[in-house]
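Reading through the structure tokens given below for one structure.
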Amino acid sequence: MTAEISFPDADVLMDEARAASGLTDYGDSGDLQTNLARFIEAAAREGRLDEAMARQLRGSIQQRLTNRLEIEAYYKAHPEIEAVEIGPVVSITGLPRTGTTALANIMSLEDQFRPLRSWEQTKCCPPPVAGEEARDPRRLAAVARAEWTVRNQPELAAMHLFDADTTEEDVELLGMSFQAQQLALPIYSYHAWWRQADLRPAFAYHRRALKLLQSRRPPDRWLLKAPAHVFKLDALMGAYPQAKVIMTHRDPAKVIPSNVSLVSEMHAQRGAVDPRELGRQNAEHWRIGMERAMASRARLGEDRFFDLNHRDFVADPFGSLRRVYDFLDLELTPATLARMQAWHAKNRSGAHGQHRYTAEQFGLTTAQLHSDFRAYIERFDVPLEA
């Protein structure tokens with residue numbers, strides 16, 4: 001087992017980012033320092049990091065802190081951004097591996113939506129400019145990374161779609177408050193804390209970042225995608241009161257082992273991570289997430305949610321998209337539909353290789369998963385596949 005790694009205290013890391021950037025203001029930081037301290041303590045104790053991984057993680061922490069410092073400096077230089085209005089927000093969420101990425105990628109082709117790309121949330125400043133994004137150095141680097149992954153990590157490319165121009169999970173925006181889910185690290189104590197944490201301040205800063213990002217690149221109908229939103233729908237809706245949510249559904253006995261396999265691939269570089277413990281933790285995490293989602297929907301009102309079953313999306317993708325557009329009161333034009341059809345022909349399931357796994361290799365069984373997720377299956381009438 002990898003020995004525990006020593007990290008500097010949170011206040012030291014924050015001061016280092018200030019010194020390196022020449023900037024001082026983190027904005028309304030709330031519990032930023034406390035959240036960071038909790039994250040690095042869990043990463044050092046449980047993260048199974050060697051020295052190289054620790055340096056990489058420390059670099060990621062500095063990147064998030066610097067991103068936040070730069071956002072505050074940009075607001076000071078451009079106070080007019082405070083008046084920017086966030087338009088309607090659409091969030092795609094649901095259990096992981098239920099089609100959230102495919103749906104988000106195909107909807108990112110719609111000109112009426114503003115996708116949240118990985119490269120712009122990792123470094124928000126300067127905000128991207130309409131008409132100049134194709135040659136933005138941040139985007140070009142993201143394209144190169146995606147191409148490298150497809151060439152050199154075919155197993156990962158078979159599990160997940162990589163595209164620099166589509167909306168991505170808002171890990172880096174929530175990460176600037178150190179309240180991202182962080183499932184790519186086996187830090188189970190942090191995951192348990194995160195499930196209970198109040199993310200309203202983190203989503204308030206999320207909104208502040210979106211205002212900056214859209215200031216020079218409309219439109220303002222943001223398209224977000226994050227399975228983690230099922231845990232925090234109240235905080236999401238608090239930041240975006242007009243938001244509508246598309247929730248995707250699939251048999252948990254199919255998606256939970258698939259997701260554990262994906263996370264296991266991310267953990268592979270850390271040496272032997274107990275696959276049965278990984279399976280147990282992952283299944284428990286997402287069971288709690290769906291229970292939270294169902295409770296939040298009852299409070300928030302079902303009219304703000306659209307449910308899309310994975311089986312329906314696979315059988316009739318464009319009929320499904322038309323129903324989504326009807327829910328959003330938008331027109332699906334022939335030109336947009338043609339782009340979506342071309343994308344689907346190139347990226348349909350299995351086009352980038354086969355993802356192979358079994359539930360049993362992670363200590364999971366179909367019967368147990370169906371039992372654990374019975375309330376979810378019954379509530380959303382989810383067809384059983386296994």
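What follows draws every value from the coordinates through simple rules; no lab data is involved. Computed from a predicted structure; not experimentally measured. Glycine also receives a Cβ, built like all others from the backbone with ideal geometry; neighbour counts cover every protein chain displayed.
Seen through its C-alpha gyration tensor, with square-root eigenvalues sorted a ≥ b ≥ c, segment 130-234 comes out oblate because a/c lies at 1.5 or above while a/b is not bigger than b/c.
Using a 10 Å cut-off around each Cβ, can you sort His191, His229 from fewest to most neighbouring Cβ atoms? Walk me through the numbers before you get to the answer.
On the way: His191 20, His229 29.
Fewest to most other Cβ atoms nearby, the residues stand as His191, His229.
A straight line joining the Cα centroids of segment 286-302 and segment 106-152 runs 32 Å. Between amide H atoms placed 1.01 Å from N, distances below 5 Å from Asp163 occur with no residue 5 or more places distant or on a separate chain. When peptides 77-85, 7-15, 246-254 are ranked by their average number of other Cβ atoms within 10 Å per residue, the highest-first order is 246-254, 7-15, 77-85.
Simple spin-label estimate for Thr365 and Val150 gives 4.2 nm between the two label positions (7 Å along the Cα-to-Cβ direction from each Cα). Taking amide H as placed 1.01 Å from N in the peptide plane, Asp307 has its amide H under 5 Å from the amide H of Met247, each at least 5 places away in sequence or on another chain. Our note on the geometry: Cα centres of segment 9-24 and segment 187-205, 23 Å apart.
Evaluating 6.51 cos²θ - 1.76 cosθ + 1.60 at θ = phi - 60° for every residue in segment 315-328, the Karplus couplings come out as 6, 9, x, 7, x, 4, 5, 4, 5, 4, 5, 4, 4, 8 Hz, glycine and proline recorded as x.
With only Lys, Arg, Asp and Glu charged, each at its Cβ (+1 for the first two, -1 for the last two), find how big the charge dipole of the chain is about the Cα centre; round to the nearest 20 debye. Walk me through the intermediate numbers first.
On the way: 48 positive and 53 negative charges, 98 e Å.
It works out to roughly 460 debye.
Distant-in-sequence amide contacts of Ile86, defined by a placed amide H-H separation under 5 Å and a gap of 5 or more residues or a different chain, comprise nothing.
Per-residue Karplus couplings for segment 97-102, computed as 6.51 cos²θ - 1.76 cosθ + 1.60 with θ equal to phi - 60°, are listed in order as 6, 9, x, 4, 5, 4 Hz, Gly and Pro entered as x.
The lysines whose alpha-carbon is closer than 23 Å to the alpha-carbon of Lys346, local same-chain residues fewer than 8 away aside, are Lys225.
Each Lys and Arg Cβ is given +1 and each Asp and Glu Cβ -1; about its Cα centre, segment 226-315 then shows a dipole of about 60 debye.
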